[in-house]
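J.: This is the structure I want to talk about, given as structure tokens.
The values are calculated or read from the model by the stated rules, or taken from the named source; none is laboratory data. Note that the structure is a prediction, hence the values are computed from the model and not measured. Ideal geometry is used to build each Cβ from the backbone, glycine not excepted, and the neighbour counts take in all protein chains shown. In case anyone asks, the SASA skips ligands and DNA or RNA and just uses the protein heavy atoms, side chains included. Shrake-Rupley method; radii C 1.70, N 1.55, O 1.52, S 1.80 Å.
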Amino acid sequence: MKVSGFTFVRNGIKFDYPFRESILSILPLVDEMIVNVPDSEDETLKAVKDINSPKIRIIQTNWNGDVPSGGKILSHHTNLALKECSGDWCLYIQADEIISEQDHCKIKEAMEENFADKRIDGLLFDYVHFYGSYDCVAAARNWYRREVRIIRNRKDIVSFADAQGFRYKDDSKIPVAYTGAKIYHYGWVRPIESMRTKTIAMDRLWHGTKKDEENKDLEYKSTQYGLKKFKAKHPEIMKDRIKKQDWVFNYNSKISSYREFRYWTSDLLEKTTGLRFFEYKGYKLIKK
């Protein structure tokens, strides 16, 4: 069983992505690591090269993000990396996502146990979304709970839409097994100036320059439903980055809008019934 890792990163230094930690977090799990580095305005390419692992193969591609695409340029560049994978399983990681060393055994076992089961074309992970600070997690219903990060290497499975997940080329959902492992998502934790710069660039993929002025004054929303203190352990690879946090984020988990009231209601229903109603799922979970 051969495992390929794949990702893409552009302007990783400019936007302060933990892309180096992201790549390093999955290297022990893969036999090869495909890193797509589209045209960048910083030293991202050099930083990837400096990881200096024989597993890493870099591809350089052209970036055309000037025309809003509904985020589809993200899945396009994900798929450019995926096409270069030669493994039986392909493990995808985004530049702001980390896999903990604590979950390596679970992930290896899930790939081995499901390798011969042709009903299964993907493996599902839980998500831990950090917001504003490394000690704060966002757990309201507007943050996705699970997503597919390992897929079988088939030509008809592709990253779709804005690269959140994977589907068959006919847009049907792929059948997946649950790993019980976690993806630690740090996309909403960085100094506020870096957060503004990154948000401006990302929103342009959907809206052009319409939100530039609004995003120039972006602040972390300190009062919102679903913010909680993170009480577990971060992946070891993030230790140095976390030590560098030089800002304070004081937060308060309160309902501050009708939308958040709906999130609270959904949580109450789940606690009462044990069922999560109306959850978006871009996959078909196969129960064993």
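J.: Going by the alpha-carbon gyration tensor, a ≥ b ≥ c the square roots of its eigenvalues, is segment 156-286 rounded (a/c under 1.5) or, if a/c is not under 1.5, prolate (a/b greater than b/c) versus oblate?
T.: Working: a/c = 1.41, a/b = 1.22, b/c = 1.16.
The shape class here is rounded.
J.: Moving on to the next point. For E32, what residues show an amide H to amide H distance below 5 Å, using hydrogens built from the backbone and excluding near sequence neighbours?
T.: Under 5 Å from the amide H of E32 lie the amide H atoms of V3, G5, each far enough along the sequence or on another chain.
J.: A further question follows. Which shape class, rounded, prolate or oblate, goes with the chain when its Cα gyration tensor gives a ≥ b ≥ c as root eigenvalues, a/c under 1.5 marks rounded, and past that a/b bigger than b/c marks prolate? Intermediate values should be presented prior to the final figure.
T.: Working: a/c = 1.43, a/b = 1.11, b/c = 1.29.
Taking the square roots of the gyration eigenvalues as a ≥ b ≥ c, the chain is rounded.
J.: Using only alpha carbon pairs under 8 Å that are at least six residues apart, calculate the relative contact order of segment 171-277 and give it in whole percent.
T.: Values: 65 pairs, mean separation 23.0, N = 107.
Rounded, it is 21 percent for segment 171-277.
J.: Select from segment 241-288 those chymotrypsin sites (Phe, Trp or Tyr not before Pro) which occupy a DSSP coil region and have at most 14 other Cβ atoms within 10 Å, ordered by residue number.
T.: Working: sites: W247, F249, Y251, Y258, F261, Y263, W264, F277, F278, Y280, Y283; in loops: W247, F249, Y251, F277, F278, Y280, Y283.
Sparse-neighbourhood loop chymotrypsin sites (Phe, Trp or Tyr not before Pro): W247, F277, F278, Y280.
J.: Oh, and also: Report for segment 59-192 the percent antiparallel among DSSP-assigned beta bridges with both residues inside it, nearest 5. Please report the intermediate quantities before stating the final value.
T.: Numbers: 16 of 24 bridges.
About 65 percent, rounded to the nearest 5.
J.: Where in segment 95-126 are there trypsin sites (Lys or Arg not before Pro) that are in a DSSP coil and have at most 13 other Cβ atoms within 10 angstrom of their Cβ?
T.: Working: sites: K106, K108, K118, R119; in loops: K118, R119.
The qualifying sites are K118, R119.
J.: Still on this structure, I have one more. Might you tell me the accessible area per residue for the chain, computed with a 1.4 Å probe and given in Å²? Mind showing how you got there, number by number?
T.: Working: 14620 Å² over 288 residues.
Per-residue value: 51 Å².
J.: Taking the mean number of other Cβ atoms within 10 Å as a proxy for protection, how do you rank 222-229, 45-52, 124-131 from highest to lowest?
T.: On the way: 222-229: 17.2, 45-52: 14.2, 124-131: 20.4.
The densest-packed peptide leads the list: 124-131, 222-229, 45-52.
J.: Next question. Excluding R119 itself, calculate the net charge of residues whose Cβ lies under 15 Å from the Cβ of R119, where each Lys or Arg counts +1 and each Asp or Glu counts -1.
T.: Working: positive: K118, R152, R154, K173, K284, K287, K288; negative: E113, D117, D121.
For residues surrounding R119, the net value is +4.
J.: Relative contact order of the chain: what whole-number percent is it, with Cα pairs under 8 angstrom and at least 6 residues apart?
T.: It rounds to 21 percent for the chain.
J.: Given K55/K182; K106/K281; K106/K239; K49/K211, which pairs have Cα atoms separated by over 25 Å?
T.: Details: K55/K182 23 Å; K106/K281 22 Å; K106/K239 22 Å; K49/K211 34 Å.
Cα-Cα > 25 Å for K49/K211; rest within.
J.: Can you check what the net charge comes to around D96, using other residues whose Cβ is under 14 Å from the Cβ of D96 (Lys, Arg +1; Asp, Glu -1)? Intermediate results must be reported in sequence, preceding the final value.
T.: Details: positive: R10, K14, R20, R149, R190, K198, R241; negative: D16, E21, E97, E147, D162.
Net charge in that neighbourhood comes out at +2.
J.: Packing-wise, with mean Cβ within 10 Å as the measure, how do 89-95, 197-203, 64-70, 13-19 rank, highest first?
T.: Numbers: 89-95: 23.4, 197-203: 18.4, 64-70: 13.0, 13-19: 21.3.
The peptides rank, most packed first, as 89-95, 13-19, 197-203, 64-70.
J.: With all protein chains present, how much of the accessible area of the chain (probe radius 1.4 Å) comes from carbon and sulfur, to the nearest whole percent?
T.: Numbers: 7280 of 14620 Å².
Answer for the chain is 50 percent, counting heavy atoms of protein chains only.
J.: Summing Lys, Arg as +1 and Asp, Glu as -1, what charge do residues with Cβ under 13 Å from the Cβ of S40 carry, S40 excluded? Walk me through the intermediate numbers first.
T.: Numbers: positive: R10, K14, K46, K49; negative: D39, E41, D42, E43.
Charge balance near S40 sits at 0.
J.: When the label point is put 7 Å from the Cα of S266 along its Cα-to-beta-carbon vector, which residues of segment 146-177 have a backbone N closer than 16 Å?
T.: 146-147
J.: Hey, another quick one. Using a ≥ b ≥ c from the Cα gyration tensor of segment 31-128 (square roots of the eigenvalues), is it rounded, prolate or oblate, where a/c under 1.5 gives rounded and otherwise the larger of a/b and b/c decides, a/b for prolate?
T.: Working: a/c = 1.94, a/b = 1.53, b/c = 1.27.
Cα axes put segment 31-128 in the prolate bin.
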